[in-house]
Amino acid sequence: MSTKQVFSSTVFYLSIIAVTALSFLSVWSDLTETVGKGGSVVYFFELFLGLSLFKKLVVLFAALPYVSSFCSDWKYQYIKPVVIRTGVKKYIWSKIFTCFLIGLLTVFCGLLLFFFILSLKMPIFPSEHIESITGPPFSPLIDRNFPILYLILKGFIFSMAAALWAVVGLTVSAFIPSHFVAIATPVIASYVLEEFTSIFPKWLNLYLLTRSANVLNQGPFVSFLYFCTIFLLFAALAGFLFDYQVRRRIRNEVV
């Protein structure tokens, strides 16, 4: 029901378009100089990943379709009839699942649209100097003539990171049920937690993981599975905090 509500929402589709528009805006100055004179989809995607400000704004759009849903449920007490009919556990984890899924789809679909539009004007990857643009663990895919898979996997990992921050926003909304806090938290949390995990080993550094850096010195398949596992584990951890606080609210333990 939660997922169906979002798929029928205009905000979801507008957020996808906004991600695509923001991706173009982030590389626009280089793009206008390059079209017709070279350039590639891979180059502009890597350029986008290197721009911190625009990456954080993408996280904001990932949060828009669903992150503040708990705030509405609590404010207008929609939560009561739903919990009575489905139970607390199903309500909570459907929220977490939907929030992660919608955050992921919003960014991933927006990036796919970005890749597609760029590919109409330029090649997917340059014919030379590819080593200066790409790097492991996914660069072997280009060497094996799978450049599209390179873009899809790196775009998917970046989208999973955005989905994680969306779940963090949902979790904070259970502690502070404010729409503004819920929407702003993913952006703030992404900055804070990326800086915090920078003191950890590189295989737990969220900044490096978001950019699909070569933290394991393994191939594309193992690295992809590792990235997905880490983001899912962090999202699950945030989900358990959300579960804890929502149960407290339902039991009237929070003023």
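The values are calculated or read from the model by the stated rules, or taken from the named source; none is laboratory data. Being a predicted model, the structure only gives us computed values, none of them experimental. No Cβ is skipped: glycine too gets one built from the backbone with ideal geometry, and neighbour counts run over all protein chains shown. Side chains included, ligands, DNA and RNA excluded: accessible areas come from the protein's heavy atoms. Shrake-Rupley method; radii C 1.70, N 1.55, O 1.52, S 1.80 Å.
A compact table of results
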quantity: Matching helices (runs of 4 or more DSSP H) fully within the range 146-219 where at least 2 residues are of a type in the set (A, V, I, L, M), open to solvent by 20 Å² or more (accessible area, probe 1.4 Å) and closer than 18 Å to residue 110 by Cα; calculated: 147-175
quantity: Residue among 3, 98 that is open to solvent by 20 Å² or more (accessible area, probe 1.4 Å), touching a residue at least 40 places away in the same chain (Cβ under 8 Å) and in a helix (DSSP H, G or I); calculated: 3
quantity: Test: residue in the range 117-124 that is of a type in the set (Lys, Arg), modelled with pLDDT under 90 and more than 30 Å from residue 208 (Cβ to Cβ); calculated: yes
quantity: Any hit, the range 200-211, residues being charged (D, E, K, R), within 17 Å of residue 46 (Cβ to Cβ) and within 15 Å of the chain's Cα centre (by Cα); calculated: yes
quantity: Candidate set: the range 32-52, residues that are without any contact (Cβ under 8 Å) to a residue 24 or more places away in the chain and assigned to a helix (DSSP H, G or I); chosen: the one surrounded by the most Cβ atoms within 10 Å (Cβ to Cβ); calculated: 47
quantity: Leading residue by the ranking (most open to solvent (accessible area, probe 1.4 Å)) among those in the range 73-88 that are within 18 Å of residue 242 (Cβ to Cβ) and outside any helix (DSSP H, G or I); calculated: 78
quantity: Selection from the range 227-255 of residues that are open to solvent by 20 Å² or more (accessible area, probe 1.4 Å), of a type in the set (A, V, I, L, M) and in a helix (DSSP H, G or I); calculated: 232, 233, 236, 237, 241, 250
quantity: Filter pass, residue 25 being open to solvent by 70 Å² or more (accessible area, probe 1.4 Å), more than 29 Å from residue 135 (Cα to Cα) and either assigned to a helix (DSSP H, G or I) or not basic (Lys, Arg) (or both); calculated: no
quantity: Members of the range 140-172 that are more than 19 Å from residue 188 (Cβ to Cβ) and not aliphatic (A, V, I, L, M); calculated: 140, 143, 144, 145, 146, 147, 150, 154, 155, 156, 159
quantity: Among the candidates 242, 221, residue that is more than 24 Å from residue 52 (Cβ to Cβ) and modelled with pLDDT under 95; calculated: 221
quantity: Selection status of residue 96, at pLDDT 95 or above, in contact with an Asp or Glu (Cβ under 9 Å, 6 or more places away or on another chain) and farther than 17 Å from residue 157 by Cα; calculated: yes
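Each row is one residue, and each column tells you yes or no for (1) of a type in the set (Val, Ile, Thr); (2) over 18 Å from residue 57 (Cβ atoms).
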{"position": "149", "(1), (2)": "no, yes"}
{"position": "171", "(1), (2)": "yes, yes"}
{"position": "211", "(1), (2)": "no, no"}
{"position": "215", "(1), (2)": "yes, yes"}
